[in-house]
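Derivation of every value follows stated rules applied to the coordinates shown; laboratory data play no part. All of these numbers come straight from a predicted model, not from anything done at the bench. No Cβ is skipped: glycine too gets one built from the backbone with ideal geometry, and neighbour counts run over all protein chains shown.
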Amino acid sequence: MDQYLRIASISIALYDYVITLPAEWRFYRSQSSIFHLNISCILFILIRYVSIVVILVSNYGAFSTSFTQETCQHYYILAPIFKVLQAMVSQVILGFRTFNIAKRDRRIGSALLLLYLFSISVECFTDVYHRIPVVVDHSCTPVDYGKTMTAWVYYLVVMLYDLVMLTMSTTYVLRYNPLSSRLERVVRALMYDGIGYFVVLTGSNILNVVLYRESDVQAQSAGASIGYAVTWIMSQQILIHQQEMQQAPRMESLVIARPAQSARSGMFSFRSRFDPKRDADFVASPRNARVNDEVDTQERSVVADYLDKSEHLNPRNEFGGVA
């Protein structure tokens, strides 16, 4: 079974890599300079290529037939190290996503940073503790022979971190009161991305917890290979969806309210139909959603159609751009 799990993980990862090449090109093309990459592009590159390395390193050791006990002694620890690096990048993506959804609240940011440092520290320790190299048919596999605080605890910590991120981000997303269909779609996409990530990753992590509690040394690391592919795919999908929401031009209908107290103001409201850019400050957003309660009954509303090429979910987009 372990060989089938590894082949399945490689096939899934390879397929996803090919179909996301256009998205990768869009990331590169959207940067102002190769030396000035934004954080979402950097995270995309890291999760993509750290994941490729960990999949290659892990499966080369399993499929190779040239290892001796001595060479395996120097090689076996590479897969656990890159596994932790992949987890670090994936959790940074979730952390920044949650931080921006929470309107960049400094207290939330401090709490997320402490949780991240604690989570990574425990994951580093549990992923390498009691690991020993095992050579089976000249293949090299890192095996967990520990009974307490061993590698399976790594997956419990990852699931706990993911659960906290999902709870916090969903709580803040539900507080948004979008006043346009564009923002409503963004809010819905944020919620679905978070729930989808958690459900798929949790299923993979539960599988690994079960396998690491078993004594079959080959099955232990085979399940991890599935986890590498799933973590890669789901993490980069969050970034790809964010990029798509930022770049996709859409026709949007906004309600722009101005007090109709004079002929001049009435004429200004009428002209806004043809010059929507002049009223850009009045675009509805989660931050100024209270405007509905403040608009006087004597105000007049004008619907302006505009091509939304740059407006994102306020107060900021998910990975640092100003909305």
Practice prompt. Stick to the Cα atoms of the range 2-247, pair each with every other, and give me the Kirkwood hydrodynamic radius in Å at one decimal.
Written response: 19.0
Worksheet entry | Residues I19 and N177, FRET efficiency given R0 of 35 Å [Cβ-Cβ distance, rounded to 0.05] | 0.45
Worksheet, complete the sentence: Per 5 angstrom bin, beginning at 0 and ending with the bin that holds the maximum distance, the Cα pairs of the range 21-161 fall in percents of 2, 9, 15, 15, 17, 14, 12, 8, 5, 2, 1
Discussion item. Taking 0.36 nm per residue of sequence separation and subtracting the Cα-Cα distance, how much length would be gained by fully extending the chain between I7 and V164, in nm to one decimal?
Written reply: 53.3 nm
Item to complete: Measure off 7 Å from each Cα along the Cα-to-Cβ vector at Y192 and Y129, then give the distance between these two points in nanometres to one decimal.
Response: 4.1
Worksheet, complete the sentence: Footprinting proxy, I132, I19: sorted fewest to most Cβ within 10 Å, the residues are I19, I132
Discussion item. Multiplying the sequence separation of I206 and S66 by 0.36 nm and subtracting their Cα-Cα distance, what value in nm do you get?
Written reply: 47.2 nm
